[in-house]
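First up is the structure itself, then whatever we jot down about it.
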Amino acid sequence: MEGLAYYQYVLIGLIFIWSGFVRSGLGFGGAVLALPFLLLVKDDPLVFLPIIGVHLLFFSVLITWKSNKSQPDSSFFGSSSIDWSYLKYSLKVMIIPKLIGVFGLLTLPATLMSSIIYVIVIAYAISYVLNKPLKSNSKTLDTLFLILGGYISGTSLIGAPLIVAVFVSNVAKHKLRDTLFILWAILVLIKLASFVIAGVDLQLIHHLWLLPLGYIGHVIGEKAHQKMLAAETPVFFRILGSVLIVVSMMGLVKAVI
């Protein structure tokens, strides 16, 4: 990230505030709703994915710890806010596709990976615009979504919509957010370990200013979380989906040209 113009750093900072807000407010989407904007600033996923990964890991642990702290009679691994049984099952299904996805990220050209990310985001955004969120209603579809979600998570950390579609059908609502955050933390640890082994620059110096900005978004998102749970917001997601389609199309054209 060295050598960028001042306005690019400002844009990156604002995007990470947005990412923190989405992550804590919705419980997912911090990467998928931020990465297309980041790639317009600098078209290289390997620059931003280590930063997004560390943010996801930090805030996942923070949110889960705070939730568990409010239940003094339960240990972390016995926490009633986490569905450990389904978490273990899903990881068994996702681990191999996840590793294959990481390998692809590390070996394929940055431009190709950016194009793949934009196409995936456009597919998600269309479901938002049509108000047709991804749903899974069978074990076969559950398995397919988990495999695809694991692979996409390995390539770009944006497999959340597919994975959430499965967890919504199989995990109690009051356990959903904390269970997902533990899953994100585990998937990110695998990815970050792969980055370290492959010698990818983790952009550690930039965490000093981006982590506080992510925390600002996190605090705002925490306050909005309960309202988001209680409210149906199809208009918000349609607008968001439309913006993501426009941004991703711009990025896709830029990557192809």
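Listing for the model above:
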read-out: Out of Leu213, Leu162, Leu157, Leu148, sole residue that is in contact with a Gly (Cβ under 9 Å, 6 or more places away or on another chain) and modelled with pLDDT under 80; value: Leu157
read-out: Members of region 133-176 found to be open to solvent by 50 Å² or more (accessible area, probe 1.4 Å), assigned to a helix (DSSP H, G or I) and of a type in the set (D, E, K, R), listed by number; value: Lys139, Lys173, Lys175
read-out: Subset of region 187-205 (residues that are more than 26 Å from Leu148 (Cα to Cα) and under 19 Å from the mean Cα position of the chain (by Cα)); value: Gln203
read-out: Any hit, region 185-206, residues being touching a Leu at 6+ places or on another chain (Cβ under 7 Å), aromatic (Phe, Trp, Tyr) and at pLDDT 80 or above; value: yes
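Yes/no per residue for (1) modelled with pLDDT under 90; (2) under 15 Å from Leu183 (Cβ atoms):
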| site | (1), (2) |
| --- | --- |
| Gly20 | yes, no |
| Phe28 | yes, yes |
| Ala31 | yes, yes |
| Asp44 | yes, no |
| Gly53 | yes, yes |
| Asn68 | yes, no |
| Met94 | no, yes |
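The values are calculated or read from the model by the stated rules, or taken from the named source; none is laboratory data. This structure is a prediction, so every number in the text was calculated from the model and none was measured. Please note: Cβ atoms are built from the backbone with ideal geometry, for glycine as well, and neighbour counts cover all protein chains shown. Accessible surface areas use protein heavy atoms only, side chains included; no ligands, DNA or RNA. Shrake-Rupley method; radii C 1.70, N 1.55, O 1.52, S 1.80 Å.
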